[in-house]
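Working notes, structure below.
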Amino acid sequence: MRYYRLPGSKQRPSSDSLVVIDDGGDAYDLTAASDDLGSFTELARTANASDRSIDAIARDRIPDADRLETGDLDGDALLPVVADEVWAAGVTYRISEQAREAESGKPEVYIDVYDSERPELFLKATPSRTVGPNDSIGIRGDSEWDVPEPELGVVLHRGEVVGYTVGNDVSSRSIEGENPLYLPQAKVYDRCCAIGPCVATEDAVEDPHDLSMSLTIERDGDVVFEDATSTGEMATTCENLVEYLGRHNDLPETVVLLTGTALVPPETFTLAEGDRVTIDIDHIGRLVNDTVVV
């Protein structure tokens, strides 16, 4: 099942709604069934407290929920889950390792990570730096080379995997390329991360290592970059990344872990203000954002 956060309805204009798309493709407003189900985190708390799955709780409340027209939920969606922290993994695909070697004056550090058991993990964003669908991602005003990084996101609640989402780890390649120690400045800044359009549970995704993923970048109405890949190209597993993230690390209640990118625009390309970035991942949905300079 897939879970969206949508703007308030006519019945509750001041309250956002948690909406579920069930196995048959029908949409239901779970918040109309219970004010205690106002967000994905609240749904996860309820499931955790009752030792049941998120989908089981949702199915129980669907008979009391308002049925909605499905329409373009991806286009109407808000940030689906407010993660206390967003983390990211790097060099998890061969092309990512090659791209970061090319941008850096110290390529050996990326070769070492790609060939090592321990993954590269870093804190990517806080809630204030994370945007949802149809909002603007940011590129730094002091950067000359900026790219989107489409990634499968793993959603964790109290350390356990509860679903998947689409993520965009927007990055300054010029800043990181100058020196790997500048990674936090290349990765963490205003509007540096986008997540959405929904959270899809494990039943909906089935195999996170067999999902098609595509990236399209438009400028002034023209497609300036387009490519596709599969999460099957990942050199590690989501389970391994989650396990390392939790090592000696007391995670907050809700975390999103981005799992790395395999869609890297060429060295001749950089994002510009006004660009429209679209990321599609099979079984999850479409994340669309425009671009601003911050």
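The values are calculated or read from the model by the stated rules, or taken from the named source; none is laboratory data. Here the structure is a predicted model, which is why all the values come from computation and not from measurement. Virtual Cβ from ideal backbone geometry, glycine too; neighbours counted across all protein chains shown. Just the protein is used for accessible areas: all its heavy atoms, side chains included, with ligands, DNA and RNA removed. Shrake-Rupley method; radii C 1.70, N 1.55, O 1.52, S 1.80 Å.
In this structure, ALA47 does not qualify as at pLDDT 85 or above, assigned by the TED database to the domain that holds LEU258 and open to solvent by less than 20 Å² (accessible area, probe 1.4 Å). Restricted to the stretch 81-114, and to residues there that are over 25 Å from ASP227 (Cβ atoms) and over 17 Å from the mean Cα position of the chain (by Cα), the residue that is modelled with the highest pLDDT is ASP112.
Counting only strands (runs of 3 or more DSSP E) wholly contained in the stretch 138-236, the ones carrying 2 or more residues that are open to solvent by 50 Å² or more (accessible area, probe 1.4 Å) and of a type outside the set (Gly, Ala, Ser) occupy 212-219, 222-230.
Tell me yes or no: at least one residue of the stretch 59-80 is assigned to a strand (DSSP E or B) and modelled with pLDDT of 95 or more.
Our first condition is that a residue be assigned to a strand (DSSP E or B); within the stretch 59-80, this holds for 66-68, 78.
Still in the running and modelled with pLDDT of 95 or more: 78.
Within the stretch 59-80, one or more residues are assigned to a strand (DSSP E or B) and modelled with pLDDT of 95 or more.
If you go through the stretch 130-151 and keep only what is out of contact with any Asp or Glu (no Cβ under 7 Å at 6 or more places or on another chain), of a type in the set (A, V, I, L, M, F, W, C) and farther than 17 Å from THR254 by Cβ, you end up with ILE137, TRP145, VAL147.
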